[in-house]
């Protein structure tokens with residue numbers, strides 16, 4: 001901004017609802033409040049920013065967007081402050097793409113949440129998916145492994161794995177460590193991730209159709 005200019009303060013409020021587990025193993029609905037304030041300036045009060053307006057708008061990565069758009073029986077989508085999947089209302093929440101360092105990271109996160117969504121009863125009905133679990137527990141860690149492995153597989157299909165590999169590898173390492181490197185659980189999670197990735201790409205639906213057609217032919 002130009003020297004001597006004074007900005008205007010604005011306040012941002014956001015309320016989020018989430019589920020948590022009580023000491024009695026009951027699911028409880030809670031509400032969290034988020035407050036932040038910013039100082040903003042009119043473009044005319046700044047220097048060196050007008051040139052940015054001439055930059056072309058960010059474009060979606062077509063290969064990744066095609067995977068998202070082609071998912072059969074998809075969950076609902078909404079924009080929010082945090083990336084998450086809510087099983088109770090079958091909704092994926094994602095921040096704006098501009099909140100990520102790159103479009104590749106945006107789609108990697110989207111693939112992660114969509115992989116979670118495949119566990120829903122209306123899709124793959126992944127075992128233990130709808131049971132209340134504690135953060136860091138074995139079942140929680142396995143589900144996070146499934147989601148991140150599924151994301152990595154889909155990034156590979158979309159051709160963006162080189163841009164997301166480092167973050168994905170670090171994330172996977174942290175959850176594998178929680179499972180104490182139990183190879184059986186890791187292999188099990190990888191198998192579930194492959195099924196989830198196939199479902200998102202519509203491959204499992206094609207396989208089911210081929211099997212049913214073969215039965216009719218016989």
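The values are calculated or read from the model by the stated rules, or taken from the named source; none is laboratory data. Since this is a predicted model, take the numbers as computed values, not measurements. With ideal geometry, Cβ positions are generated from the backbone for all residues, glycine too; neighbour counts draw on all protein chains shown.
Below, the figures for the structure above:
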read-out: Residue 140 being out of contact with any strand residue (DSSP E or B) (no Cβ under 7 Å at 6 or more places or on another chain) and either at pLDDT 90 or above or within 19 Å of residue 174 (Cα to Cα) (or both); value: yes
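Conditions (1) touching a strand residue (DSSP E or B) at 6+ places or on another chain (Cβ under 6 Å); (2) assigned to a loop (DSSP other than H, G, I, E, B); (3) in the same structural domain as residue 197 (by TED's automatic domain parsing), marked per residue:
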{"position": "74", "(1), (2), (3)": "no, yes, yes"}
{"position": "78", "(1), (2), (3)": "yes, no, yes"}
{"position": "109", "(1), (2), (3)": "no, no, yes"}
{"position": "113", "(1), (2), (3)": "yes, no, yes"}
{"position": "116", "(1), (2), (3)": "yes, no, yes"}
{"position": "120", "(1), (2), (3)": "no, yes, yes"}
{"position": "124", "(1), (2), (3)": "no, yes, yes"}
{"position": "127", "(1), (2), (3)": "no, yes, yes"}
